[in-house]
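Heads up: the structure comes next, in structure tokens.
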Amino acid sequence: MAREEKELEDDRLNEYYGRLQTLHLGPLWSSIQTIMSKEPRPRALPYLWKWDDVYRLVMESGELVTPDRGGERRVVFFRNPGLEDLQPWGWGALTHTLYAGVQLLLPGERAPSHRHNQNAIRFVLQGSGAYTLVEGERVKMEEGDFLITPSGLWHDHVHEGDTPMLWFDCLDIPFVYQLGVTFFENYPEFHQPISQPENYSTQRFTAPGLLPLTDRDNRYAPQAIYKWEKTKQALDQLSKLDPDPCDGFAVEYVNPATGEAAGHTIGAMMQKLARGDRTQAHRHVHSAVYHVFRGQGYTVMNGVRFFWQSGDTFVVPNWVWHEHVNDGNTDAYLFSANDLPIMERLKLERSELYPEKYQTVVGDHLGNGGRT
Ligand code: GTQ
């Protein structure tokens, strides 16, 4: 084709694309490679936040704002650098489906009662003497505890202790938002009434595998809290057996009435990596956020080392090769939350083992500054 003819044709095509766009239409033939990539190409990037930074800024928020009506909760949330341009208005997305943040409640403070159709899970980082009130039940929060706040239930937080209370929140906010179905509602009063015995959940669920008959029909959210002491005991027992090649010694927080993820749309687990452990590299469709509860080590993601220590948060986006290494002097405990329940229910989950056992390290996130 002569050059001139080709240019004429391109002009005609571009002009055609322009007319499609004006009428809010689009050409599949030039879009298909972008919208239907061969394999997942998440916009979310692997990333790590150091606890020193997060802690300093969260504590500073304690001097600036209070958790009253309007502000609701004092939380600093994680923004995935790869998703920031999709969220120009301060939208918190850590992965395409998950939001996470660190919440601060100071002694004597209260956060008002509200409910929404997003699911929340919490992992307690520091402090004691606070409780969350979920649908009439007071649930006392202590370091290392895992809690659920299922969608649709009224919840408020109250702090009666004397040191700052910090916990990690993870919600399916981006998922619900992208489905276009967000609901949020304030309770008419600041607090909801208490209608259940204190720590009712801990009184009913005392042993694994034993479901109180009164909870047989309560398949929605029978158990509000999973105490750290029991999680630790379970992991210490498991450590006498063989570890999972990709996850080390790990337990998942499940709904005791159904065996499904306790957090409904949000999966969560606690894993222990003994000193010197290195897990096998793999990747999966679901995304995950990790909070380092205890220990020191690094995680290799797509060949890059992300060094972590107690308090750090890092994100493993979809389909990213990853393996964990505990190179510290103590056992490491990694808390993590994920969107596996979403992927499984939608039949989208897939996973692969890395062809070799470990990845080749090609660089370090934050360079040497990654290890402080
Ligand atoms: O504690 O109810 O991090 O509603 C984000 C939204 C926490 C909460 C968050 C929320 C909450």
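The values are calculated or read from the model by the stated rules, or taken from the named source; none is laboratory data. Quick caveat, the model's predicted, so the values are computed rather than measured. All Cβ positions, glycine included, derive from the backbone under ideal geometry; neighbour counts span all protein chains shown.
Within the range 27-47, one or more residues are more than 16 Å from the ligand (Cβ to nearest atom), surrounded by 12 or more Cβ atoms within 10 Å (Cβ to Cβ), under 21 Å from LEU125 (Cβ atoms) and modelled with pLDDT of 95 or more. Within the range 175-192, none of the residues are more than 13 Å from the ligand (Cβ to nearest atom), aromatic (Phe, Trp, Tyr) and within 23 Å of TYR55 (Cβ to Cβ). Scanning the range 141-166 for residues that are more than 16 Å from the ligand (Cβ to nearest atom) and not acidic (Asp, Glu) returns GLY144, GLY161, THR163.
Residues in the range 253-294 that are assigned to a loop (DSSP other than H, G, I, E, B) and of a type in the set (Val, Ile, Thr): THR258, THR265, THR279, VAL285. The condition of being buried (at least 16 other Cβ atoms within 10 Å of the Cβ) and assigned to a helix (DSSP H, G or I) holds for only one of THR214, THR202, that being THR202. Taking THR231 as the residue in question, decide whether it is surrounded by 11 or more Cβ atoms within 10 Å (Cβ to Cβ) and either within 20 Å of the chain's Cα centre (by Cα) or not in a loop (DSSP other than H, G, I, E, B) (or both). Yes: the conditions hold for THR231.
Which residues, taken from the range 61-116, are within 11 Å of the ligand (Cβ to nearest atom) and aliphatic (A, V, I, L, M)? VAL75, VAL76, ALA100, VAL102, LEU104, LEU105, ALA111 - these are the residues of the range 61-116 that are within 11 Å of the ligand (Cβ to nearest atom) and aliphatic (A, V, I, L, M). Residues satisfying the criterion are absent from the range 325-346 (criterion: among the basic types (Lys, Arg) and over 19 Å from the mean Cα position of the chain (by Cα)). Taking the listed residues GLY297, GLY311, the one that is of a type outside the set (S, T, N, Q) and either free of Cβ contacts under 8 Å to residues at least 40 places away in the same chain or in a strand (DSSP E or B) (or both) is GLY297, with no other qualifying.
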